[in-house]
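Chemist: So that we are looking at the same thing, I have put the structure below in structure tokens.
The values are calculated or read from the model by the stated rules, or taken from the named source; none is laboratory data. Keep in mind the model is a prediction, meaning the values are calculated, not measured. Reconstructed Cβ throughout: ideal geometry from the backbone, glycine too, with neighbour counts over all protein chains shown.
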Amino acid sequence: MNKIIKNILTKIENEGYEAYVVGGYVRDLLVGIFSYDIDICTNATPKELLSIFPSASSKNLGGVEFKVKEYHVEITTYREEIKYKGRKPVEFNYINNLVLDLQRRDFTINAICMNSKGEIIDLVGGIDDLSALKIKMIGDPGEKIKEDPLRILRGIRIATNLNFNLESSLYKEIKENKELVLTLSNTRIKEELDKILLSKNVKKGLNLLNDLGILNLLEITNWQNIISVKNLEGMYAQIKVNYNLPFTKPEKNNIISIRRIIGSEEITKKTVYNYGLYLSQVAGEILGIDKKTINKIYKELPIHDKKDINIKASDIVKILDIDYSKNVGIILKDIENLIINGKIRNKTSDITKYIKEHKSELIK
């Protein structure tokens, strides 16, 4: 039993309340995955929890959260959800019953509990479903999906990450209610897609999304030949997404750049110089080009930025005895390419000599 978790549970128990770790932490622990996100359920109210953990912050929908070293801890009070609006419960009651609290949760494998002694408590058949590699909804899957459509993508994401299968009735209800995905915010959709794309079982996830008709809804195509890399921008660069996902401007630019590199099917000096080492390495992994090869190209570049060129626009103007114009920028670009390709050395004397020798061509 983890000492940090045991200490938190014991603190709550010492005040006379029940407390159990529940959810993803226990699920992952049982399949050999380590997590730093800890969810705890208890019959202590949020007010009582704040008296036990004074430095904690209040959570929406009842509970508290805080960090202990690298762990993020969320503690919620047992509750019974009565009414949903959107995907949020707007009416709920705090209760003093673990079984009823577990019934409101999504999947059986997410409702396995662990007490302060490290003992596993399974009241919903989650252990059997873990053994069967199955994602099964607690209660009626159709009702649960309508309550919170995010459960559609969560179920697919968990099935992808754990290499599990969706239980038949859950699969059927997701397929019948797939359009509910479009009621989710673009941010929520992207968060789940991100996790699926970064999974080592990404192809399973994309096949599942496709079979259920969700890829069509999200206007995602060109996914069949995707190559798994650990870089999210590299994953999005390999597929086409017409749905309006909330990418930042740098993310969009990086995706476009990686797409251009993999479209060229090679990594050259010009590639590494124009796009930089990082994006070249991401694209190289997709193209199957060894990182060492790309690093060697980068190290051997005579310059890594146009600022490294040992001559300025003002020098060119003086040497050629011309006025500032667009032509000066064109000359600098020409010199930049010559240096990168090893045609001239990046020395002021060599560059000056080149300009003088090609003066008639350069000032046309």
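Chemist: Checking Ser131 against (1) over 25 Å from Ile286 (Cα atoms); (2) touching a residue at least 12 places away in the same chain (Cβ under 8 Å), only one condition comes out false. Which one?
Modeler: With respect to (1) over 25 Å from Ile286 (Cα atoms); (2) touching a residue at least 12 places away in the same chain (Cβ under 8 Å), Ser131 is out only on (2).
Chemist: Okay, moving on. Here are Asp122, Asp106: which of them is farther than 27 Å from Ile214 by Cα, touching a strand residue (DSSP E or B) at 6+ places or on another chain (Cβ under 9 Å) and assigned by TED's automatic domain parsing to the domain that holds Ala19?
Modeler: Values: Asp106 fails: farther than 27 Å from Ile214 by Cα.
That would be Asp122, the only listed residue that is farther than 27 Å from Ile214 by Cα, touching a strand residue (DSSP E or B) at 6+ places or on another chain (Cβ under 9 Å) and assigned by TED's automatic domain parsing to the domain that holds Ala19.
Chemist: Restricting attention to segment 262-287, and to residues there that are in contact (Cβ under 8 Å) with a residue 24 or more places away in the chain and closer than 18 Å to Asn225 by Cβ, which single residue is surrounded by the fewest Cβ atoms within 10 Å (Cβ to Cβ)?
Modeler: Leu287
To keep it simple, each residue is scored yes or no on (1) surrounded by fewer than 17 Cβ atoms within 10 Å (Cβ to Cβ); (2) within 19 Å of Gln103 (Cα to Cα); (3) within 21 Å of the chain's Cα centre (by Cα).
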position: Asp28; (1), (2), (3): yes, no, yes
position: Gly32; (1), (2), (3): yes, no, no
position: Asn43; (1), (2), (3): no, yes, no
position: Lys47; (1), (2), (3): yes, no, no
position: Pro54; (1), (2), (3): yes, no, no
position: Ser57; (1), (2), (3): yes, no, no
position: Lys67; (1), (2), (3): yes, no, no
position: Ile75; (1), (2), (3): no, yes, no
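Chemist: Consider segment 232-280. How many of its residues are assigned to a helix (DSSP H, G or I) and farther than 24 Å from Leu338 by Cα?
Modeler: 18
Chemist: Keeping to segment 227-248, report how many residues are within 16 Å of Lys204 (Cβ to Cβ), of a type outside the set (S, T, N, Q) and surrounded by fewer than 18 Cβ atoms within 10 Å (Cβ to Cβ).
Modeler: So the count comes out to 1.
Chemist: With respect to Tyr17, determine if the residue is aromatic (Phe, Trp, Tyr) and closer than 14 Å to Ser116 by Cα.
Modeler: yes
Chemist: If I go through segment 301-341 residue by residue, how many of them are within 40 Å of the chain's Cα centre (by Cα) and farther than 13 Å from Leu362 by Cβ?
Modeler: Counting residues in segment 301-341 that are within 40 Å of the chain's Cα centre (by Cα) and farther than 13 Å from Leu362 by Cβ gives 14.
Chemist: Can you tell me which residue within segment 283-300, out of those that are in a helix (DSSP H, G or I) and among the small types (Gly, Ala, Ser), is farthest from the chain's Cα centre (by Cα)?
Modeler: Within segment 283-300, the match that is farthest from the chain's Cα centre (by Cα) is Gly284.
Chemist: While we're looking at this one, here's another question. Tell me which residues, restricted to segment 191-200, are surrounded by fewer than 19 Cβ atoms within 10 Å (Cβ to Cβ) and either of a type in the set (A, V, I, L, M, F, W, C) or over 14 Å from the mean Cα position of the chain (by Cα) (or both).
Modeler: The answer is Leu198, and nothing else.
Chemist: Answer with yes or no whether Ser58 is at pLDDT below 95, at negative phi and not hydrophobic (A, V, I, L, M, F, W, C). Please lay out each step first, then the result.
Modeler: Working: at pLDDT below 95: yes; at negative phi: yes; not hydrophobic (A, V, I, L, M, F, W, C): yes.
Yes; evaluated as a whole, the condition is true for this residue.
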